[in-house]
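For reference, the structure discussed in these notes is given below.
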C-alpha cells in the first residue's frame, strides 16, 4: 500500500549566513552612500543660489553662470558621478562575490569616481 519510504520533501533552501566582514562591508557602503548624498545635497543647495548675483553684482564667480554656460553641468556632475560610483561598486561587489574574493576592493574605485565628480565642480567654480 502506501508505506513510508523515508523520503520526505526536500529541505528548504537557505542561503549561507553572512560573515561579519560582509555585514561590515554593507554598513560601510551604506555610510559612504549617506555621506555622499549629504555632500551632494549641500552642494546642490549652495549651487542653486549661485546665480542670484547675476543682475546687480559682477563678481568673477558669478560671471561664469550669468551667461548660462556650465550651470547644469555643475548641478548634475555630483549626482552623475555618484550614480556611476554606485554602479561600479555594485558591479565590483558582484564580480568579487562570484569569484570568492573580498568586496572591499570595489569601494576605492567608486570613491575615486565620486571624488572626480566633486573635483570637477570645485575646479569649474573656483577656476
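The values are calculated or read from the model by the stated rules, or taken from the named source; none is laboratory data. Not measured: the values here are computed from a predicted model. A quick note on method: Cβ atoms are made from the backbone with ideal geometry, for glycine too, and the neighbour counts reach across all protein chains shown.
Report the residue count in the stretch 69-94 for those that are under 28 Å from residue 48 (Cα atoms) and in a helix (DSSP H, G or I).
The initial filter retains those residues of the stretch 69-94 that are under 28 Å from residue 48 (Cα atoms), namely 69-87.
Keeping just the survivors that are in a helix (DSSP H, G or I) gives 71-87.
The qualifying residues number 17.
Here is a check on your reading of the model: is residue 97 touching a helix residue (DSSP H, G or I) at 6+ places or on another chain (Cβ under 9 Å), within 22 Å of residue 28 (Cβ to Cβ), assigned to a loop (DSSP other than H, G, I, E, B) and modelled with pLDDT under 90?
Considered against the rule, which asks whether it is touching a helix residue (DSSP H, G or I) at 6+ places or on another chain (Cβ under 9 Å), within 22 Å of residue 28 (Cβ to Cβ), assigned to a loop (DSSP other than H, G, I, E, B) and modelled with pLDDT under 90, residue 97 comes out as no.
State yes or no: is residue 70 on the phi > 0 side of the Ramachandran plot, at pLDDT below 90 and surrounded by 12 or more Cβ atoms within 10 Å (Cβ to Cβ)? So residue 70 fits the description; yes.
Selection within the stretch 100-127: residues that are part of a loop (DSSP other than H, G, I, E, B) and touching a residue at least 60 places away in the same chain (Cβ under 8 Å). The member of this set that is farthest from residue 43 (Cα to Cα) is 102. Taken over the stretch 74-100, the residue count meeting the criterion of being more than 15 Å from the chain's Cα centre (by Cα) and surrounded by 13 or more Cβ atoms within 10 Å (Cβ to Cβ) is 5. I'd like to know if the stretch 29-39 contains one or more residues that are more than 16 Å from the chain's Cα centre (by Cα), over 15 Å from residue 124 (Cβ atoms) and modelled with pLDDT of 85 or more. Scanning the stretch 29-39, I find no residue that is more than 16 Å from the chain's Cα centre (by Cα), over 15 Å from residue 124 (Cβ atoms) and modelled with pLDDT of 85 or more, so the answer is no.
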